[in-house]
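Have a look at the structure below before the remarks.
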Amino acid sequence: LVSTAPPSPPTAAEEGSPGSQRRTFGTVFKESFLEGNTVTVTVLALLSAMVLGGLLAAFTNPAVLHAPAGDVIPKAWDVASSTYVALFEGSVFNPHTVAALFQQSSISTAIHDGYLSAVFMPLSETAVGATPLILTGLAVALPYQAGLFNIGGQSQFIGGAIMAAWLGYDLSLPFFVHVVVCVLGGFVGGAAIGWIAGELKARTGAHEVIVTIMLNYVMLYFLAYLLSSPNLLQASGSPNPITPPIASNAHLPLIAGTNLRINAGFLIAIACAFGAWWLLNRTTTGFEFRSVGANPSAARVAGMKVERSWVLVFLIAGGLAGLAGSAVIQGTDFTLNPQSFGTYGIDAITVALLGRGKPGGVVAAGLLFGALHAGSPGMQNAANTPVQIVQVLQALIVLFVIAPPLVKAMFRLRATRAAGVATGTSRGLSA
């Protein structure tokens, strides 16, 4: 028999217990911090990387190395603080430009607008640098959710850049139509390369890591071949391996005035991140991707077409990397050359790992790395810090983020309670 008597009220000890729902915010925050959840570990990883990066910047500086023993610590602090201040001013906010804006507020509108643009220049450059990183990071994160590792961001980027550049200079279309055609062409160019990797994986079982790495070399040399002949993509009359500049009607529109480089490509990247989140969490296709990534055998038994999911996720991922190529060609470079793809394909892996394979995390990681790239030139001018320190800082961030046990051991964080519950549940099921 089931008793229908009302439950007795909780005692004072039960109300103050950790499992009670009446815990204060401070208690919950303290327990979350000490248990080392994902947010806590990520924040502590970033702080640890910044501390080590500051130490490296300071103790590789000649002014610190040759300073008297009593001045080493003060000079090291000055170098480290100057490095990070310059990084912040070059990527987020520079108070000197605000002071200059108020000083020039009474002069002509043109001069005032120039100083106003200088205030938002750091944020604009951060967004410009983050745009291809977000798109290529999504190209790695989306297959990761399906249990695949896409190392071919570079080849897919090149495929999209080739299509965007060719359509940009070879066609003559009205402004908005030309922009849309080139953006879609960039998506198709990258998606075609991604489809090759997915099709080989599905039909032959070839490992996607090997296939995508090899496709990077294929597209790299294919681009060099296209840029070696005026009959193909090389600009006629130019001895350099470069395409003709795309038409002005194919340029991505600027969204903050002519003095700032931020353009519609950044909005496309944010929209793609939202679309990736919606696809993964609100659609049947996204559920299949995550199911295949969790257990392909179980997904196949449940009636899901695993091979089709592999092809589709690589096709979408390739298209996202291709959009990164079109954003660079249409937004900032306006021509295609062997240096246009940069290191976006490799940086995409770092961004996806830092974002833990989730679209929101990829956006945050892309903005962080975009800020590091935007602020790095000022570091050398302000504190004589080599720009390579930024690359070291990126490597340290990834090292700490992908090693949560290391961070927990450094800060003496205890194991999460959820892990203990999961362990106890599994033991109960096994028993």
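With a sphere of radius 14 Å drawn around the Cβ of VAL211, what net charge do the other residues whose Cβ falls strictly inside it have (Lys, Arg +1; Asp, Glu -1)?
Numbers: positive: LYS201, ARG203; negative: GLU199, GLU208.
With Lys, Arg at +1 and Asp, Glu at -1, the neighbours total 0.
Can you tell me the dipole magnitude for segment 130-383 around its Cα centre, using point charges on the Cβ only (Lys, Arg +1; Asp, Glu -1), in Debye to the nearest 20?
Its charge dipole is roughly 580 debye.
What whole number of Å gives the distance from the Cα centroid of segment 253-270 to the Cα centroid of segment 39-72?
Measuring centre to centre over Cα atoms gives 35 Å.
If r is the Cβ-Cβ distance from ASP78 to LEU267 and R0 is 35 Å, what FRET efficiency results, to the nearest 0.05? Spell out each step's value before the answer.
Working: r = 40 Å, r/R0 = 1.14.
The value I calculate is 0.30.
Find the centroid of the Cα atoms in segment 164-218 and in segment 324-365, then give the distance between the two in whole Å.
15 Å
Every number here is computed from the coordinates shown, using simple stated rules; none is lab data. In this text the structure is predicted, and so the values were computed from the model without any measurement. Every residue, glycine among them, receives a Cβ derived from its backbone with ideal geometry; neighbour counts consider all protein chains shown.
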